[in-house]
1. Test of understanding: among A:Ala410, A:Ala361, which residue is within 14 Å of the chain's Cα centre (by Cα) and open to solvent by 20 Å² or more (accessible area, probe 1.4 Å)?
2. Out of A:Pro283, A:Pro246, A:Pro279, report the one residue that is at pLDDT 85 or above, touching a Pro at 6+ places or on another chain (Cβ under 7 Å), surrounded by 13 or more Cβ atoms within 10 Å (Cβ to Cβ) and not β-branched (Val, Ile, Thr).
3. Collect the residues in segment B:114-156 that are open to solvent by less than 40 Å² (accessible area, probe 1.4 Å) and within 12 Å of chain A (Cβ to nearest Cβ), keeping them in residue-number order.
4. Tell me which residues, restricted to segment B:90-113, are within 28 Å of A:Ile309 (Cβ to Cβ) and more than 9 Å from chain A (Cβ to nearest Cβ).
5. What single numbered condition from (1) closer than 24 Å to B:Ile88 by Cα; (2) free of Cβ contacts under 8 Å to residues at least 12 places away in the same chain; (3) of a type outside the set (A, V, I, L, M, F, W, C) fails to hold for B:Arg197?
6. Please tell me if A:Phe241 is open to solvent by less than 80 Å² (accessible area, probe 1.4 Å), of a type outside the set (D, E, K, R) and under 14 Å from A:Leu360 (Cα atoms).
7. A:Ala235 - would you say it is without any contact (Cβ under 8 Å) to a residue 12 or more places away in the chain, open to solvent by less than 80 Å² (accessible area, probe 1.4 Å) and assigned to a helix (DSSP H, G or I)?
8. I need the full set of residues from segment A:344-358 which are over 25 Å from the mean Cα position of the chain (by Cα) and touching a residue at least 24 places away in the same chain (Cβ under 8 Å), in order please.
Amino acid sequence: MQIRIRTSMIGAAFGFAIALISGGFAGIFAGLVAGLISGYVVPQAEPLTDKRRAVGQGMIAALVGSVMTILGIVLRNMGIDPIIGEPLNILAVGIAIIGATILCVLVCVVMCVVRTEPPARERIGMAIVVGIILVTYPWLDQFLNLRFMNEVIPVLVFLLMALGLNIVVGYAGLLDLGYAAFFAIGAYAAAMVSSPHFGLSLSFWLAIWVAAATAAIFGLILGSPTLPLRGDYLAIVTLGFGEIVPIAIKNLDKVSLSIWNYPLFVDVDLTGGTKGINPINRPWLPIIGEFSPSNPIPWYFLILGIMLISIFFISRLRNSRLGRAWTALREDELAAGAMGINTVNVKLLAFAIGATFSGLAGAFYGAYISAIFPESFRFDVSVMLLCMVILGGLGNMSGVILGGIIIQFADRLFLPQMSNVVQKLIVASGNESLRDINFASDFRLLLFGLTLVLMMVLRPQGLVPSNGAPRVLPVAAGEARHD
Amino acid sequence: MTNILETRGLTKRFGGLTAVDSVDFSVATGSITSLIGPNGAGKTTFFNTVTGLYTPTSGTIAFAGRSLVGLKPHEVTAAGIGRTFQNIRLFGNMTAVENVMVGMHSRMHANVLGILVHSARVQHEEATARAKAHALLDAVGLPAQRADDLSKNLPYGDQRRLEIARALATDPQLLLLDEPTAGMNPHETAELTQLIRRIRDERAITILLIEHDMKLVMEISESITVLDRGAKIAAGLPKDIRSNEQVIEAYLGRGAASMAHANARNTGEPT
Ligand SMILES: Nc1ncnc2c1ncn2[C@@H]1O[C@H](COP(=O)(O)OP(=O)(O)OP(=O)(O)O)[C@@H](O)[C@H]1O
Ligand SMILES: [Mg+2]
């Protein structure tokens with residue numbers, strides 16, 4: 001019972017935070033999120049087989065979730081809104097509370113019940129629940145006036161990258177601190193062929209393949225010198241790559257090449273230097289036409305589609321001869337070799353395939369913002385991705401997705417919104433000296449770090465521990481035994 | 001009778017230490033051969049050199065008529081040598097079945113493209129491998145209900161068996177076992193002795209065994225080679241090794257040799 005409530009608190013905390021930070025009808029969405037997370041995490045912690053027990057469990061978790069969400073709604077509307085001068089609308093609060101409770105209970109209980117089904121049907125059931133929420137989300141966003149849509153799309157881009165990084169770090173156990181480099185390489189490869197920059201202007205649908213292939217090739221190139229390295233050494237070298245790539249991109253704006261004394265080309269602008277490449281072609285589809293920057297819905301479904309297809313293929317890789325070889329490599333490289341695995345090939349494949357997904361993400365991102373700059377791919381992107389992979393549970397795809405969503409939402413929605421609210425509170429309190437503090441940017445990394453430390457202390461195995469995933473980073477695995 | 005494995009002047013040095021010292025060694029095809037010697041004699045180093053974990057400082061290794069010098073561990077495995085480790089080295093966070101399936105890696109052919117499109121060949125290969133893995137677990141006596149347990153959660157004896165199943169999965173002609181009964185009780189040791197015999201008899205796999213349990217060694221081996229401080233000091237039938245003065249000396253130190261000699265005649269064991 002105690003464990004059950006503690007597990008439900010993960011979802012409940014989300015409901016509370018979202019309701020508190022984004023007022024209005026966002027409370028309803030908060031209830032949905034609380035239900036969704038609890039419905040996923042609770043049966044994960046304690047497998048359910050009996051339907052009636054599942055309903056009971058779901059009700060308890062949903063109860064915890066809705067109480068916390070309602071608390072958030074009430075605190076926001078009665079505590080904060082009056083101070084920051086927003087009018088109190090009792091009817092709206094009532095609707096938010098009822099809506100949040102209904103959605104929380106519904107989603108949580110349905111998900112717990114689905115978990116009692118045999119594996120094949122369970123998977124279909126989960127896919128239907130999650131599918132309905134994902135497909136209706138854009139209209140939910142509009143209807144509830146959430147205005148999260150412009151943040152949801154980059155969140156999905158980061159999730160796609162986290163899934164790729166998970167292949168390298170989670171499956172194969174190769175600690176890669178420079179993974180954002182492949183995001184940059186993919187983005188630039190797509191931008192070069194799909195923009196007026198070189199006059200090529202290929203369609204997005206072709207450019208994305210160019211990006212994937214280029215990223216994979218660079219995965220091989222950057223992976224090969226690291227082959228004999230393990231643990232900490234590998235981390236340091238990949239860290240170096242992560243730094244070199246953006247700097248190289250910044251400086252590849254005047255490239256000259258001559259063989260002996262015959263210049264092949266002089267002062268060619270490969271990457272646009274600090275100015276980047278702009279504009280980049282947007283995707284075009286029949287009926288929809290060219291994707292427009294003002295309508296996020298087609299972009300949302302495009303990146304969602306890319307992600308779902310990626311998940312599908314990654315899980316095929318995971319449950320194959322190659323996936324087993326990756327795990328064996330992570331568990332014991334020497335024994336893996338002795339069991340017939342060509343560790344060099346398998347490592348290179350992990351780097352190349354992992355990089356591919358980052359390349360896809362880069363191509364999408366470039367087209368989405370229609371411009372690309374060297375500054376978008378710094379070290380903190382790599383660290384952020386690594387945190388996403390670790391937080392949810394190393395090596396476990398659904399864990400990585402959940403951890404990724406948490407970190408991304410904390411960073412893109414929660415902190416800015418919270419900063420906004422705090423700002424208004426400060427203004428209302430009339431304290432002039434605090435006025436210039438911008439919480440989102442000044443405290444972002446502090447709060448981010450604090451969240452991670454708390455997570456690691458409270459739940460070191462990650463949010464969704466998988467049986468079969470390592471509990472620690474592969475850094476310490478450097479020592480060699482031979483007997 | 002042909003020799004499946006033959007080394008000539010095999011030497012492995014670590015800095016100033018000569019762990020394996022010009023060893024001429026042969027394993028007859030289809031035999032159960034044992035490699036014994038006191039702690040630190042160089043037995044494990046000999047295995048590691050043969051299986052490509054170490055490159056020999058000098059000397060030759062011929063396996064089924066082909067040189068193994070310079071091959072990588074996975075190439076040695078593909079050539080037909082399977083092995084276990086003295087300190088169990090299973091893939092702890094993989095299930096027992098998965099561990100065995102990893103052993104089949106070099107006998108499987110699925111490539112990235114086939115895996116992504118889930119071709120009929122890949123599906124068939126995967127299903128066959130899984131069935132074969134379960135059969136191997138059964139053959140080494142791992143309880144069926146343990147097949148999907150993570151290998152790190154298995155009892156010690158089962159971990160030792162699983163290592164043998166995983167090595168068998170590489171489809172070897174020669175199986176190297178490094179102290180397979182270490183840490184086992186007499187009952188488990190007796191079972192394992194049977195298992196080793198069955199592997200040779202039923203699967204026609206030649207066995208090279210490192211073992212400290214002299215009762216087992218004397219009972220099971222058709223030929224024994226003794227290493228001491230890296231060098232081969234004796235080789236022959238169990239009954240010859242049992243009464244070999246140099247061997248007794250190596251195990252018990254000079255001085256004690258004459259006394260132990262008499263002792264060994266009485267008990268039939270050099271230790
Ligand atoms: N990788 C290594 N580097 C340096 N010295 C080593 C290495 N491996 C083994 N040795 C040394 O080589 C010698 C032989 O060791 P080895 O492990 O082969 O002995 P062994 O016969 O297997 O002993 P045991 O019965 O205790 O397992 C020992 O002195 C050991 O310390
Ligand atoms: Mg040894």
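The values are calculated or read from the model by the stated rules, or taken from the named source; none is laboratory data. Only a predicted model underlies this, so the values are computations on that prediction, with no experimental measurement involved. No Cβ is skipped: glycine too gets one built from the backbone with ideal geometry, and neighbour counts run over all protein chains shown. Accessible surface is based on the protein model in full, side chains and every heavy atom, while ligands, DNA and RNA are left aside. Shrake-Rupley method; radii C 1.70, N 1.55, O 1.52, S 1.80 Å.
1. After applying the criteria, what remains is A:Ala410.
2. Exactly one of A:Pro283, A:Pro246, A:Pro279 is at pLDDT 85 or above, touching a Pro at 6+ places or on another chain (Cβ under 7 Å), surrounded by 13 or more Cβ atoms within 10 Å (Cβ to Cβ) and not β-branched (Val, Ile, Thr), namely A:Pro246.
3. Once the filter is applied, which keeps residues that are open to solvent by less than 40 Å² (accessible area, probe 1.4 Å) and within 12 Å of chain A (Cβ to nearest Cβ), segment B:114-156 yields B:Gly114, B:Ile115, B:Ser119, B:Val122, B:Glu125, B:Glu126, B:Ala129, B:Ala133, B:Leu150, B:Ser151.
4. B:Leu113
5. (2)
6. The answer is no for A:Phe241.
7. Judged against the criteria, A:Ala235 is not a match.
8. Scanning segment A:344-358 gives A:Val344, A:Val346.
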